[in-house]
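Some notes on the structure that comes next.
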Amino acid sequence: MIDETRQQIATDYVLGELPPAEAIAFEKELATDEELREFTRELKDGFASLALEKPPVRPDPGLFSRILRRANAGGRPRSKILSFLPWALAACFALAALIAGLDDFHGKQEVAELNRRDVIAHLQIASLRAQIDAYTNSSAIVVWNAARQRGLIRLQDLPRAEAGHDYQLWIIDPTKKAPVSAGVVPPEKLNAGEVEFQPAHPITTAAKFALSIEKAGGSMEPQGQIILVGD
Amino acid sequence: MRKFLRGSAAGLACLGVEKDDQQYEIELIERIANGDQAAFAALYDRLSPILYSMALRMMNDASEAEDVLQDGFVYIWQRANTFDGSRGSPISWAITIVRHKAIDRLRVRLRGERLRERASDSPELASDKDDQSALEPFLRERRAQVKSALTQLPGEQREALQLAFFSGLTHQQIAAKIATPLGTVKARIRRGLLQLRQLLQSGR
């Protein structure tokens, strides 16, 4: 028999209302308690069934080909082992945990748990690569949380910008006329530093991230050379 | 080594999906995980009317609902290998994914528009005209059961559940929206969900 307290926890879990640490603890319980697991599964399926309440509507016939184009652009489905490139994960775990609000982040096991319940699925991880020869050794990783409209960038081997200039991060959102500024990178963070950013305007779709050289203090729109780009 | 766990019989019953249908969907997801586009198309044909209807209701905007559906199916394509049948049926997995994508966009919209209210039921977008032909046969009966079950819930529980599912609001935000204590809202949602589960099981 599942008591009312655990029923409430299971309900909060299904609705995504549990804080991450409590959700992880609950998932550990699920792994060993078959009755609770079955109960939670039924709640989850019951909650999902609300989607059936309204009449079905067929989407535009051309939509699937657009989906397929996007899916193919992203390559084949990820295998279990290669769901994330290990090196990228190693660099991003702590960042992802931080911007996901996981104050009690402890390591890979927790990330695996989070991945299973799609917490990390809300995060977009982009690897930025050099566009010009002078920056061949430079790179950056961006972790973007669309729900929180916040992100972190970790820069690697980026030389100091010449006097009177700064590096500025941009988010390319197809729904916006121009790239959206995500701020200027402080000089002390140019080599393996992590910088939290928040875009100047709400982002609907972060299709790409780019780093450009701008006049000191940054620009309203990109005017300088783009040196790193990635999605 | 198999990546997918099969759902239990009770789990299947809860969404009203026959075992053969469920098995077929699991096989489609397995094939998608191996890059099979035909399987991807088959799953899309099967589930997109439900998922698009849900996205329309949540976004109240056809273009944004299409974007949500795109996001959801691209995610399904890329992450089919993470499906775990012990945690829910394929259809509830897909519903959860697309709902999360819609909530992500709703929260961006809410930030951008400073919580500008939109009607949750646009007559134009969410008419009650019932296009059952757009549904797989096995889901037609299920839809009738869900509608029937919802009408049997007390109004306040139904309202709380619908707000929780479609609005993207947290419990705290729901409590503020309907000017009701948080504890009461949580209890309504819990009781409503428990009763819904029971009604759906007894309707089988």
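The values are calculated or read from the model by the stated rules, or taken from the named source; none is laboratory data. Given the structure is predicted, the values throughout are model-derived calculations rather than measurements. Positions of Cβ are backbone-derived with ideal geometry, glycine not excepted, and every protein chain shown enters the neighbour counts. When the accessible area is computed, the model is the full protein with side chains, heavy atoms only, and any ligands, DNA or RNA have been set aside. Shrake-Rupley method; radii C 1.70, N 1.55, O 1.52, S 1.80 Å.
With a 1.4 Å probe and every protein chain kept in, tell me what percent of the accessible surface of segment B:165-204 is carbon plus sulfur. Working shown, then result.
Numbers: 900 of 1780 Å².
Of all accessible area on segment B:165-204, carbon and sulfur atoms account for 51 percent.
A simple rule links phi to the HN-Hα coupling: the Karplus curve 6.51 cos²θ - 1.76 cosθ + 1.60 with θ = phi - 60°, which for segment B:192-199 gives x, 5, 5, 5, 4, 4, 5, 5 Hz, with x for Gly and Pro. Per-residue mean of foreign Cβ neighbours for B:51-59 is 4 (Cβ atoms of other chains, 10 Å radius). Ligands, DNA and RNA aside, B:Y52 has an accessible area near 20 Å² when probed at 1.4 Å. Inside 10 Å of the C-beta atoms of A:33-41, what's the mean count of C-beta atoms belonging to other chains? Across the residues of A:33-41, the mean count of other-chain Cβ atoms within 10 Å is 3. So how far, in whole Å, is the C-alpha centre of segment B:162-200 from the one of segment B:50-67? Taking the Cα centre of each part, segment B:162-200 and segment B:50-67 sit 22 Å apart. B:T151 sits with roughly 100 Å² accessible to a 1.4 Å probe, with DNA, RNA and ligands left out of the calculation.
If packing is taken as the average count of other Cβ atoms within 10 Å, what order do B:53-65, A:24-36 fall into, highest mean first? All intermediate terms of the calculation are to be shown ahead of the outcome.
On the way: B:53-65: 21.9, A:24-36: 14.7.
So the order, starting with the most tightly packed, is B:53-65, A:24-36.
What net charge is computed for the residues neighbouring A:I2, neighbours being all others with C-beta under 13 Å from the C-beta of A:I2, Lys and Arg scored +1, Asp and Glu -1? Overall, the nearby charge balance is -3. For segment A:155-231, a/c is not less than 1.5, where a ≥ b ≥ c are the root eigenvalues of the C-alpha gyration tensor, and a/b tops b/c. That puts it in the prolate class.
Filter A:K54/B:K186; A:K54/B:K101; A:K208/B:K177; A:K54/A:K208 down to the pairs with a C-alpha to C-alpha distance above 28 Å, please. Don't jump to the answer; show the numbers that get you there.
Working: A:K54/B:K186 24 Å; A:K54/B:K101 19 Å; A:K208/B:K177 36 Å; A:K54/A:K208 35 Å.
From the list (A:K54/B:K186; A:K54/B:K101; A:K208/B:K177; A:K54/A:K208), the Cα-Cα distance tops 28 Å for A:K208/B:K177; A:K54/A:K208.
Here is the interface size for B with A: some 7100 Å² of accessible area buried, both sides summed, with a 1.4 Å probe. Peptide B:65-72 is shielded by partner chain Cβ atoms: per residue, an average of 4 of them sit within 10 Å of its Cβ.
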